[in-house]
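Q: Sharing a structure with you now.
The values are calculated or read from the model by the stated rules, or taken from the named source; none is laboratory data. This one's a predicted model, so the numbers in the text were calculated from it and none came from an experiment. For neighbour counting, all protein chains shown are included, and Cβ atoms are generated from backbone atoms with ideal geometry for every residue, glycine included. Side chains are part of the model used for accessible areas, which takes the heavy atoms of the whole protein and leaves out ligands, DNA and RNA. Shrake-Rupley method; radii C 1.70, N 1.55, O 1.52, S 1.80 Å.
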2 protein chains.
Amino acid sequence: MTLDPLNATADKSTPTEQRNRARRGRLSRRNAPSERAPFTGRKIPAYNLLSDTALTRIEDQADWILSKIGIEFRGDHAALDHFAQAGARIDGERVRFEPGHVRALCARAPSKFQLHGRDPAKTVTLGGDNVVLMPGYGSPFVSDLVKGRRYATLEDFRNFVKLAYSAPALHHSGGTVVEPTDIPVNKRHLDMMLAHLTLSTKPFMGSVTAPDRAQDSIEMARLVFARNFMDRHAVMQANINVNSPLIYDDTMSSALRIYAEAGQCVCVSPAIFAGAMGPLSPAAVAAQTLAEAMVGIALAQLVRPGCPVVFGSFHSTMNLRTGALTFGSPEANMTTMALTQLGRRLGVPVRSGGGQITASNAPDGQAMQDSTGAMWSTLLSGAHQIWHAAGWLEGGLVMSYEKFIMDLDHCGAMLKLLQGFATDDEAFGRDAYFETGPGENFLSTSHTLRHYTTANFEPQISDAGPYETWSENGALTADQRATARWHQMSNEYQRPEMKPSIQAALEDFVSERKAQMPDEWY
Amino acid sequence: MTLDPLNATADKSTPTEQRNRARRGRLSRRNAPSERAPFTGRKIPAYNLLSDTALTRIEDQADWILSKIGIEFRGDHAALDHFAQAGARIDGERVRFEPGHVRALCARAPSKFQLHGRDPAKTVTLGGDNVVLMPGYGSPFVSDLVKGRRYATLEDFRNFVKLAYSAPALHHSGGTVVEPTDIPVNKRHLDMMLAHLTLSTKPFMGSVTAPDRAQDSIEMARLVFARNFMDRHAVMQANINVNSPLIYDDTMSSALRIYAEAGQCVCVSPAIFAGAMGPLSPAAVAAQTLAEAMVGIALAQLVRPGCPVVFGSFHSTMNLRTGALTFGSPEANMTTMALTQLGRRLGVPVRSGGGQITASNAPDGQAMQDSTGAMWSTLLSGAHQIWHAAGWLEGGLVMSYEKFIMDLDHCGAMLKLLQGFATDDEAFGRDAYFETGPGENFLSTSHTLRHYTTANFEPQISDAGPYETWSENGALTADQRATARWHQMSNEYQRPEMKPSIQAALEDFVSERKAQMPDEWY
């Protein structure tokens, strides 16, 4: 069956489904956070770093990799069968493709689709000029300035889901926002899904770490969104990491097939540190990423034509003298910009790497220098989905509560920047020049009074006050000021309502599945 | 006399001048800093935020301002006479221009010219795809983490000139890098010029705070570069700040005329905080900046056709509820990008605002978030000269030694980014794929070994090491790590050689001029 990545205008849901979604919307809007900002798309041009000639050369290199070297699917005969039937050359677990073949298979993927939120007002569109920001992913540790650095727990996971729900600048609840290390490995996905589904109404990601966990994630989502609805609409995403270089392991390709069969969004992300999992140049990393990602996207289309996908990437650089992983480097930022262009040419939504990432061990000047530059490269190049937009520290080992807050300020600033600015008559304020004259002040002109409350983005953490006042208030640096803000956001969090029967069904599902399995801690 | 802004290929200097410059070059190269990086231009496309339609609307608004409101030249009859002779409408001290008139006068300015360093290897080109970075300007205070925040002294001034000379990422020595507040106001320019001319060989800016100080600056430069050479080549710049809104005061327009008469570069920078010195929108600030700057550029051309100029701007936003000045805001960054485009259309080199600026009171996460975003907007939009690229803190009140060092890392990273990356065969490293296979590591491939020492920009302050090591080493944040670096750079500074007779002439000039004037402290 072909999946139709519907827009609202082509809604084929049943009347009952539509009523249910409308009710979900009403209920969750009732308790919506006060600081709601509308979802915003990009209204300024995307920046094109590379020429068409350079892009074609990279695409040709991706084809070369796929035809001469190939990709291995280790232990997944179903995947190999799909490719064999599509006409690829199979040699053991190695798959090779004629130039252009994989790209042609990817053509069935939609260029734009919706990812539905439990609250319809939180539904986002991936593709086109839309931008979807989400928090960090996968950190085993958390830190805050009061309690310090420690292993992440389920309580931390729930805290970050709540904070992301409360943050107008984030459009997505994320996936494994942090690893809930106090829960057995084989049961974490149940608690994580429960948190995303009950504490937030924004789109989210399900588990991929084992086939049964992927299936559990989909089953839980169906308790909320209904199987019929989900068969034609994406409500969740799967993070399929390629085991770069050039390998899909059984766990990942199985999860990919399970989500694709369920018609849910598959984000395929090769993971390449330049010089380790691929050659060290931006051009080589971009080509290999494109090759690896296209194969996963193609598999999703073979499993279910029209399956919504995201062309993803997790790439960065390293200090090639010490082996330390580096983030926000100029080479990595250029690779991000190149990947956005390559993904747009492929015709699917792009997660091109980047986000607000850093190797810094503290939410300090280095952290924000790295993060801000990486975010500029990601957003200005026109990426559609930005992972790790808030909280990421220590190369992803840590989610920092304070950095999360500092990053939100920059997310909001960049969303404002992506709106561009008006050049209409009202913007020029000609009347103000007749109210003042050379050398006079514009602050009290009626033009200023008409617009001063909405003219500028207003960050939460930035302090532009005088040194003396700042000093008297304790000379707090930005990270120190952020502590009070995340405490405040946590305290003001209001849980969105959920129909009690659905809540009960979710909790029963979790209890039953947990009871069926012994705890596994590795 | 028409000034010819020569490139080296059209060098009209006398053989003696050429010999002198060659000798200066040899002498200064002998003691050049070891970390020399070649001057680098931009090889990636400039980002165009605005459409031609939007740019035309802003240009039309600038024409409206100049024809309907006009600009005042207060107390400078020579300037008014120039404009009267050019056909402008004069009403008292107010000058109005027919639409298009000022732009036509600006057409005589060169689109590209050289700014000569005492060491020819330090000569830079302004315009085209060239990028010139310089340190902060004008701070009355300095701070470092050892001695704290304090009034700047001549020693600080000399320290920053030395640091800028030693920094490969800076191409220019700056102007009033900090205010040497321990020197009488009427004598500071002599010590500042002496420092730029003797402690560095990079291009610099002269004094503009009084006509005789401007003249002194030029006379001192002539002792080094020779009058004949300077009559046809720019070796220094003047920072002409418009007293926005819409006023040139006598001090600034006189300094402008003096530098223009001497054939030296005039950078005209309106100073607009959106909502205070002009209407609060980016479109209005861009239009007013264009109007004000064009008039100064036109005056320079009337004084001396062909005078090298820079279309400058010092603009930013404010918190319109509290009045606090803000830097690195999305609205200011968009204005910077628009101004770059407007300046490029005007056909002169652009200083469009931006740089690494912040209102933060500490070199913390906010400081680098603000600074990094502002720098991206400035450099990606294609600005030619970037002021405040290093050290700026507290909205310019403070030059921070540590932030200077942290900013240098980002200057270097951005200069690397502006080079783009290769997509030639060698970049793709096909041979590496035959040395490894799927799942294997590329670190020991011959492709990696061929390139690992030059592949990545290597910052000085960033720490990508493990948390445990960082913690054992004292858990130093980036600003704390920067202290050791600036101490090291200061200790390793090597003063460039200068012919003893020139050194003596400069010192004599300073002594004589100081003896002629009583100290003035305000």
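Here is a yes/no grid of residues against (1) modelled with pLDDT of 95 or more; (2) within 23 Å of A:A300 (Cβ to Cβ); (3) hydrophobic (A, V, I, L, M, F, W, C); (4) touching a Gly at 6+ places or on another chain (Cβ under 8 Å):
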residue	(1), (2), (3), (4)
A:E155	yes, no, no, no
A:H171	yes, yes, no, no
A:D182	yes, no, no, no
A:R188	yes, no, no, no
A:T198	yes, no, no, no
A:R232	yes, yes, no, yes
A:I240	yes, yes, yes, yes
A:T251	yes, yes, no, no
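Q: What is the residue count in the stretch B:170-179 for residues that are in contact with a strand residue (DSSP E or B) (Cβ under 6 Å, 6 or more places away or on another chain) and more than 22 Å from B:R222 (Cβ to Cβ)?
A: Matching residues across the stretch B:170-179 total 3.
Q: I'm trying to understand the selection: among the residues of the stretch A:180-202, which are over 15 Å from A:S217 (Cα atoms) and aliphatic (A, V, I, L, M)?
A: A:I183, A:L199
Q: Under the condition of being touching a His at 6+ places or on another chain (Cβ under 9 Å) and aliphatic (A, V, I, L, M), which residue from the stretch B:349-385 is nearest to the other protein chains (Cβ to nearest Cβ)?
A: B:M368
Q: Please indicate, with yes or no, whether at least one residue in the stretch B:317-329 is under 17 Å from the mean Cα position of the chain (by Cα), within 19 Å of A:H447 (Cβ to Cβ) and of a type in the set (S, T, Y).
A: Scanning the stretch B:317-329, I find no residue that is under 17 Å from the mean Cα position of the chain (by Cα), within 19 Å of A:H447 (Cβ to Cβ) and of a type in the set (S, T, Y), so the answer is no.
Q: For the list (1) within 23 Å of B:D409 (Cβ to Cβ); (2) open to solvent by 10 Å² or more (accessible area, probe 1.4 Å); (3) at the interface with another protein chain (Cβ under 7 Å from one of its Cβ atoms), I need the number of the one condition that B:A324 fails.
A: The one condition B:A324 does not meet is (1).
Q: If I filter the stretch A:418-438 for residues that are in contact (Cβ under 8 Å) with a residue 12 or more places away in the chain and under 16 Å from the mean Cα position of the chain (by Cα), do I get at least one hit?
A: No: the stretch A:418-438 contains no residue that is in contact (Cβ under 8 Å) with a residue 12 or more places away in the chain and under 16 Å from the mean Cα position of the chain (by Cα).
Q: Counting just the residues of the stretch A:477-504 that are over 26 Å from the mean Cα position of the chain (by Cα) and buried (at least 19 other Cβ atoms within 10 Å of the Cβ), which one comes out nearest to A:L170 (Cα to Cα)?
A: A:R481
Q: Within the stretch A:332-374, can you find the residues that are under 23 Å from A:N241 (Cβ atoms), charged (D, E, K, R) and crowded, with 24+ Cβ neighbours inside 10 Å?
A: The answer is A:R351, A:D370.
Q: What helices (runs of 4 or more DSSP H) lie completely within the stretch A:38-109 and have 1 or more residues being surrounded by fewer than 17 Cβ atoms within 10 Å (Cβ to Cβ) and within 12 Å of another protein chain (Cβ to nearest Cβ)?
A: It comes to A:52-64.
Q: Another question about this same structure. Which one of these is at pLDDT 95 or above, more than 7 Å from every other protein chain (Cβ to nearest Cβ) and over 18 Å from B:S269 (Cα atoms): B:L342, B:L393?
A: None of the others qualify; the one that does is B:L393.
Q: Determine which member of the set B:A284, B:A276, B:A255 is out of contact with any helix residue (DSSP H, G or I) (no Cβ under 7 Å at 6 or more places or on another chain), at pLDDT 95 or above and either buried (at least 24 other Cβ atoms within 10 Å of the Cβ) or not in a strand (DSSP E or B) (or both).
A: Exactly one residue qualifies, and that residue is B:A276.
Q: Restricting to the stretch A:124-148, what's the tally of residues that are surrounded by fewer than 24 Cβ atoms within 10 Å (Cβ to Cβ) and over 19 Å from A:K43 (Cα atoms)? Lay out the reasoning, then the answer.
A: Restricting attention to the stretch A:124-148, the residues satisfying the condition of being surrounded by fewer than 24 Cβ atoms within 10 Å (Cβ to Cβ) are A:124-125, A:127-130, A:137-138, A:140-141, A:144-148.
In the following step, the residues that additionally are over 19 Å from A:K43 (Cα atoms) were identified as A:137-138, A:140-141, A:144-148.
Result for the stretch A:124-148: 9.
Q: Let me ask something additional. State the number of residues belonging to the stretch B:442-470 that are closer than 29 Å to A:M399 by Cα and exposed (fewer than 13 other Cβ atoms within 10 Å of the Cβ).
A: 2
Q: Do we find a residue being at pLDDT 95 or above, among the β-branched types (V, I, T) and open to solvent by less than 20 Å² (accessible area, probe 1.4 Å) anywhere in the stretch B:203-212?
A: Yes, because at least one residue in the stretch B:203-212 is at pLDDT 95 or above, among the β-branched types (V, I, T) and open to solvent by less than 20 Å² (accessible area, probe 1.4 Å).
Q: Which ones in the stretch B:160-182 are open to solvent by 30 Å² or more (accessible area, probe 1.4 Å) and more than 22 Å from B:A214 (Cβ to Cβ)?
A: Within the stretch B:160-182, B:K162, B:P168, B:D182 qualify.
Q: Ok, one more. Scan the stretch A:394-411 and tell me whether some residue there is assigned to a loop (DSSP other than H, G, I, E, B), among the hydrophobic types (A, V, I, L, M, F, W, C), in contact (Cβ under 8 Å) with a residue 40 or more places away in the chain and open to solvent by less than 10 Å² (accessible area, probe 1.4 Å).
A: For the stretch A:394-411, residues assigned to a loop (DSSP other than H, G, I, E, B), among the hydrophobic types (A, V, I, L, M, F, W, C), in contact (Cβ under 8 Å) with a residue 40 or more places away in the chain and open to solvent by less than 10 Å² (accessible area, probe 1.4 Å): absent.
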